[in-house]
1. For ALA202, which sequence-distant residues (separation of 5 or more, or a different chain) have an amide H within less than 5 Å of its own amide H, given hydrogens modelled in the peptide plane?
2. Where the centre of each part is set by its Cα atoms, how far does region 156-197 sit from region 198-253, in angstrom?
3. Rounded to the nearest 0.05, what FRET efficiency do GLU65 and THR284 give with R0 = 41 Å and r taken as the Cβ-Cβ distance? Could you check?
4. Per residue of region 197-212, in order, report the coupling 6.51 cos²θ - 1.76 cosθ + 1.60 (Karplus, θ = phi - 60°) as ³J(HN,Hα) in whole Hz, putting x for Gly and Pro.
5. I'd like the accessible area for ILE174, computed on protein heavy atoms only with a 1.4 Å probe and all protein chains in place. Round to 10 Å², please.
6. Say each of ILE275 and SER210 gets a label point 7 Å from the Cα, pointing the same way as Cα to Cβ; how far apart are those two points in nm?
7. How much length, in nm to one decimal, is gained on full extension between GLN239 and THR53, taken as 0.36 nm per residue of separation minus their Cα-Cα distance?
8. At a Förster distance of 25 Å, what's the computed FRET efficiency of ASP183 paired with ASP221, Cβ-Cβ distance as r, to 0.05?
Amino acid sequence: MTNVVKESFRDGTPPAPAALAAKVRTLAPSMTRSMQRVAEAVAGDPAGCAALTVTGLAGLTGTSEATVVRTARLLGYPGYRDLRLALAGLAAQQQSGRAPAVTADIAVDDPIADVVAKLAYDEQQTLADTAAALDTVQLGAAVGALAGARRIDVYGAGASSLVGQDLAQKLLRIGLIAHAHTDPHLAVTNAVQLRSGDAAVAITHSGSTSDVIEPLRVAFDHGATTIAITGRPDGAVSQYADHVLTTSTARESELRPAAMSSRTSQLLVVDCLFIGIAQRTYETAAPALAASYEALAHRHNPRPR
């Protein structure tokens, strides 16, 4: 829990009111049950909770004042007073805006047009939540490590492996040496070869995928800079990560498995990493990207025979 608190309050700046709901969704799984009750209360009724003292909120949620304060700090606020101010701001924003026309609940008999609308809305929310909760200090550090790395290994399993392949392909096209590993044995044997000056990226929504954690641990032990992209910043993967980038944890339905929302948020983080690296290495990245476009141009526009 201590590591998560440090991560949430790393740069000393409380999150904006709009980021509060995203913080709750992202961090709730790492909280104790009593802290979850506090977090769910403030996210569910920001206006009502903003009117309560710390004692009042503790009474409402059946917790203690200390639990309320700990929850506020975990969400990124120095104390309960700062959380109340954010709740008041969030309540004002909600009152001035209109409720969404659709929800993310997809029923078995929903018309396909409703499915499209609901998925589009939910993915927009996932992206907004991820952007609001993403620690830009950690993101900048990860960009710097990857931009200057001699070699980059990327680990992922299942849907996360597809995101890992996307990252590796993007980095290859701007001239970096990057490889995505989906075979866990091959991932570990490659991680053994990493050294200081190299980098490794682990992508796991749960933060507990052993096939991803094991190669990251090996890379960490051999001195490589390690990065975790995960929806669970308190998960086991974070023990071996120098930099943790947190993705949104969206509410899922029976017909919308976690791999869908996690993939959406992971791809946003990957795109942020790629653009940041391209900016830092522009003098070499731009020519490399142009060369890759030129090399593939004939595949998009077949030459006449």
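1. TYR155, ILE227, ALA228, ILE229
2. 13 Å
3. For R0 = 41 Å, the calculated efficiency reads 0.15.
4. x, 9, 9, 9, 10, 10, 10, 8, 4, 6, x, 9, 6, 5, 5, 9
5. Accessible surface of ILE174 is approximately 10 Å².
6. For the pair ILE275/SER210, the computed spacing is 3.9 nm.
7. Separation in residues times 0.36 nm, less the Cα-Cα distance, equals 63.3 nm.
8. After rounding to 0.05, the efficiency reads 0.80.
The values are calculated or read from the model by the stated rules, or taken from the named source; none is laboratory data. Remember, predicted model here, so these are calculated numbers, not experimental data. Using ideal geometry, Cβ is built from the backbone for each residue, glycine included, and neighbour counts are taken over all protein chains shown. SASA here: full protein model, heavy atoms, side chains in, ligands and nucleic acids out. Shrake-Rupley method; radii C 1.70, N 1.55, O 1.52, S 1.80 Å.
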